[in-house]
1. Checking the conditions here, which among GLU203, GLU164 is exposed (fewer than 14 other Cβ atoms within 10 Å of the Cβ) and either touching a Leu at 6+ places or on another chain (Cβ under 9 Å) or farther than 16 Å from LEU52 by Cα (or both)?
2. Any chance segment 47-58 includes a residue that's free of Cβ contacts under 8 Å to residues at least 60 places away in the same chain and over 14 Å from the mean Cα position of the chain (by Cα)?
3. Within segment 120-130, does at least one residue satisfy the condition of being at pLDDT 95 or above, surrounded by 12 or more Cβ atoms within 10 Å (Cβ to Cβ), more than 18 Å from ALA72 (Cβ to Cβ) and basic (Lys, Arg)?
4. Scan segment 135-157 for residues that are over 19 Å from ARG35 (Cβ atoms) and assigned to a loop (DSSP other than H, G, I, E, B) and report the count.
5. Would you be able to say whether some residue in segment 107-122 is in contact (Cβ under 8 Å) with a residue 24 or more places away in the chain and touching a Lys or Arg at 6+ places or on another chain (Cβ under 7 Å)?
6. Go through segment 1-58 and report how many residues are β-branched (Val, Ile, Thr), part of a strand (DSSP E or B) and surrounded by 24 or more Cβ atoms within 10 Å (Cβ to Cβ).
7. Looking for something part of a loop (DSSP other than H, G, I, E, B), modelled with pLDDT of 90 or more, under 14 Å from LYS4 (Cα atoms) and in contact with a strand residue (DSSP E or B) (Cβ under 9 Å, 6 or more places away or on another chain) - is there at least one such residue anywhere in segment 180-195?
8. Out of everything in segment 110-134 that is in a helix (DSSP H, G or I) and under 23 Å from PHE197 (Cβ atoms), what residue ends up being farthest from the chain's Cα centre (by Cα)?
Amino acid sequence: MTIKFHDRTQAGQWLARRLTHYANHANILVIALPRGGVPIAFEVAKVLNAPLDFCLVRKLGVPNHSELAMGAIAIGGVQVLNRDVVSEWGISRQVINQVAIKEMRKLQHQDCLYRSGHPRTIIRDRTLILVDDGIATGATIRAAITVLQKQQPQHIIVAAPVIESATFQALQAEVEDVVCLITAKEFSAISFWYVNFRQITDEEVLSLLERSSTPNQQTSIV
């Protein structure tokens, strides 16, 4: 029988139980990948009594198969490509650039919306728990790792309810630790592992960030 999460809230609560040894540590910062990672990270931050922040990254979906990532981008010119997917699907640089331009517009809009009025977090020498609602190819999470590593944290821990098994093994060599509830060999879509996998709105993201914030804690990262 396949285990499925009812929704992101439940998945976040279950994931938080695997991270309780990080609770009440002043050096911990939970970082969500908007939008789907925010409800997960909100529950993790609540259990760990840690501040919640975010790192803006956009997946580059394969044309007509948008849930399959051929890469990801982040503010600051960061671009990570999944070479296996690009090669297997015969995707040209022109197509990649076209998708990247479209997604960069969305990324810039989110950056303006989420970051307005909030100072940037200083994350140097902190332990970061980087959270998403699921990891398939790993392109999106790697783009976030690249952005965050430039800011010299002490450690980066990747956490997600479900991770594709080969990606899980690869990430273990790239960060301090990888924590998940399910590693899956057959991984057609992250949505498969949820009963309710509706799209999270910008309004919900802003609400969760506000609810988790305390003075000088709710901020934003490039």
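1. Sole residue among the options that is exposed (fewer than 14 other Cβ atoms within 10 Å of the Cβ) and either touching a Leu at 6+ places or on another chain (Cβ under 9 Å) or farther than 16 Å from LEU52 by Cα (or both): GLU203.
2. yes
3. There is at least one residue in segment 120-130 that is at pLDDT 95 or above, surrounded by 12 or more Cβ atoms within 10 Å (Cβ to Cβ), more than 18 Å from ALA72 (Cβ to Cβ) and basic (Lys, Arg).
4. Summing the residues that are over 19 Å from ARG35 (Cβ atoms) and assigned to a loop (DSSP other than H, G, I, E, B) in segment 135-157 gives 5.
5. Within segment 107-122, one or more residues are in contact (Cβ under 8 Å) with a residue 24 or more places away in the chain and touching a Lys or Arg at 6+ places or on another chain (Cβ under 7 Å).
6. Within segment 1-58, residues that are β-branched (Val, Ile, Thr), part of a strand (DSSP E or B) and surrounded by 24 or more Cβ atoms within 10 Å (Cβ to Cβ) number 3.
7. Yes - at least one qualifying residue is present in segment 180-195.
8. So, considering only residues that are in a helix (DSSP H, G or I) and under 23 Å from PHE197 (Cβ atoms), the one farthest from the chain's Cα centre (by Cα) is LEU113.
The values are calculated or read from the model by the stated rules, or taken from the named source; none is laboratory data. Note that the structure is a prediction, hence the values are computed from the model and not measured. Virtual Cβ from ideal backbone geometry, glycine too; neighbours counted across all protein chains shown.
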